[in-house]
Every structure is written in structure tokens, then in C-alpha cells.
1. Report the residue, chosen from 154, 31, 210, that carries the largest GNM mean-square fluctuation when the chain is represented by alpha-carbon nodes joined by springs under 10 Å.
2. How many percent of all Cα-Cα pairs in the stretch 218-260 sit more than 15 Å apart?
3. Stick to the Cα atoms of the stretch 1-114, pair each with every other, and give me the Kirkwood hydrodynamic radius in Å at one decimal.
4. Over the chain, what is the relative contact order in whole percent, taking alpha-carbon pairs under 8 Å and six or more residues apart?
5. What FRET efficiency do you get for residue 311 and residue 152 if R0 is 22 Å and r is their Cβ-Cβ distance, rounded to the nearest 0.05?
6. Taking the C-alpha atoms of the stretch 153-263, how large are the radius of gyration and the largest Cα-Cα span, Dmax, in Å?
7. Could you tally the net charge around residue 28, taking each other residue with its Cβ under 15 Å from the Cβ of residue 28, Lys/Arg +1 and Asp/Glu -1?
8. In degrees from 0 to 90, rounded to the nearest 10, what is the angle of the helix 40-50 Cα long axis to the longest principal axis of the chain?
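The values are calculated or read from the model by the stated rules, or taken from the named source; none is laboratory data. Because the structure is a prediction, the values reported are computed rather than measured. Heads up, the Cβs are rebuilt from the backbone with ideal geometry, glycines too, and the neighbour counts pull from every protein chain shown. Side chains are part of the model used for accessible areas, which takes the heavy atoms of the whole protein and leaves out ligands, DNA and RNA. Shrake-Rupley method; radii C 1.70, N 1.55, O 1.52, S 1.80 Å.
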Amino acid sequence: MKLILLSGGAGKRLWPMSNDSCSKQFLGILKGHNGTPVSMLQRVWQQINQVGLQSQTYICASKAQKDMIVHQLGEVPFIEEPERRDTFPAIALACLYLYEREECSRDEFVAVAPIDHLVDDQYFREIARLHETLDASGAELALMGVKPAEPSSKFGYIQVADDGEGGWLRVKSFIEKPKRDVAEKLIRNGALWNCGVFGFRLGYILDVLKENNYSTSYREAKDHFNELPKCSFDYEVVEKADSIAVLPYTGVWKDLGTWDDVFEAVETKFLGKGKVVECENTHIINELNIPIIGVGLNNVVIVATPNGILVTDKAMSTGMKDVVMMSADPHS
């Protein structure tokens, strides 16, 4: 088995800490196994070591992220994307790298997972089981789906059919970020959140590339990376597959996509220099060398960095990406 960890984009929903130069997976705001502050990247790497998968794992990321990854982890197996594009070109390039540079066989089982989710160790143990799901189901792809905690519109949903003997389910269809009332109905019918975890035999992806007249050479794919379609693996591969199985996952899984999500995971209400006084449901992260004092604030997020200062009502923090995208310079 080979595990490919995809290091995502700029994470503009977590501006100003997460931006083009420092994505959210590099922010040192979580606690590691020994209690010290770690980033999502460092925490995931620790977890992979805990479950014995580190020697089989590769990080696939853009050239711009390589220095940060090396700074936080040291030298690790790294597959370099020439530019940030999307999950399909990233996975295609990684598979060609495994086939040509690592000389993996077409029968090699490959699992792909995002690096920027908050999960427990069991999550990676379940990913290691995906090859069993693929073999038992006879499917072309095996996914992992999260049992929904609420009818959220932030995620895509996997509609399922019958049970398999190993706890896996047949996939019927996908629904992308439905409205709340639709999400409630989907959950009642047993639908799962699509958490972006895929499992397949290496030869399956090589055949997909060949059938669609995409490059089947690693060097050519890297040199002409910008010619690969800028689209998701879900759209280009998963939704076109003839047979898909999904393994339900019921453990810890959180997408830290908004400040509200982050502060649910962070155990302290204040990080950095300063303090809060008589504040309710208020969180502050201060990376500056000057204190921030919060007094009498309710449901507020304050994030202060050298790149900018954010002060927002918690309920409004979910719209940060739109605000940042309105201007090429969010400081203006």
C-alpha cells in the first residue's frame, strides 16, 4: 500500500493566518501527542507514524509549499506539483510518480487523503483497510465516508445502497453541498459525508489517463502540468466510475475550514500575548509581539498576525473567503 497525502490550497477562510504563503495546514494551533503546539501537518505525520504507515506515505504539494513542509517535518517523501491546480492533476501526477520513479506495480493499492482534516489515529487505520473493501466489493474505487454529525451544507454527500459483508456499502450517487432540508433527508436515508479519501489500484488510474488521452509519462505530465484539466478527482474520475464502494467511518473527523471550526478544536480561548476579561464565546489568536486585551466581547473572533488583523462576529466568520477574494489585497 502507498498513501498519498494531498496538501491543499491557501485556505482563505482562515485569513489572515492562512494565506498564499502559509496555508492552514501549517498553522501551529493544535496539540500534538506530547501536548506541545503542532500544525495539522505535524499532527497528521505523528499519527501516521503511530499507526505504522509513515514509510509508505508521500506528501503531494505545490513547489511553493515544499520549504514549509521540510521546515516542519524534515526531509520526507515528496511529490512536487509544478503549480497549485486541483486534486485530479495532483493525484494523476502522484500516480505516475509511483509507477515510474518508485517502480510500483499496476496492482499496487493506493490511498489518497487530504492532509488538512482533524482526525484521530483510527482514521488512518481505516484508510489502511480500504484495500479490503476494494477487494471484497470488486469495485473500481473504494471511498471512505464520514457518518454525518449534523445536516451541514458545507460537505458533499455520498448516497449509498446495500451493505457488504465487511461493513462497506455500494455507492449510488453523489450530492454536492445540498441545502439543509435536503441534507436532513439524505442523512435519514443513510448518506455519508464525502471526506475526500479515495482508494484504488494504481493500474486503474493509469488506464483512466490513457483512455482520456492524458499524459501517461511522469516527466511529460510534470512538464505539461498546466495542460491537465483543472478539476477535482471527484468530477474527473469518481463520478464517472462504473462501480464504487464506500467504507463508513464513525470516528473523529473535522474539517477545519472556518474559524468557528478551528476554535472548536483549540482547547484555549487565547493564544499569544494578552488576555480576555468577561468575554463570552470569544477567541483570540495573537501572533504579534504586542498584547491584545478583549473586554466584554460576545461571540467574537480576533486574529492578529503580521499579514493583517481580523475582528469578526463568529457567525460571520464563515464568509471570510468571499471577503478576501473580493480584493487581490485583503489589507485594503
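1. Its mean-square fluctuation being the largest, the pick is 210.
2. Numbers: 635 of 903 pairs.
I get 70 percent for the Cα pairs in the stretch 218-260 exceeding 15 Å.
3. Details: mean 1/r = 0.0680 Å⁻¹.
Computed over Cα pairs of the stretch 1-114, the Kirkwood hydrodynamic radius comes out at 14.7 Å.
4. Values: 650 pairs, mean separation 66.8, N = 332.
That works out to 20 percent.
5. Numbers: r = 26 Å, r/R0 = 1.17.
The computed FRET efficiency comes out at 0.30.
6. 16.8, 47
7. Numbers: positive: 24, 31, 43; negative: 116, 267, 287.
For residues surrounding residue 28, the net value is 0.
8. Tilt relative to the chain: about 50 degrees.
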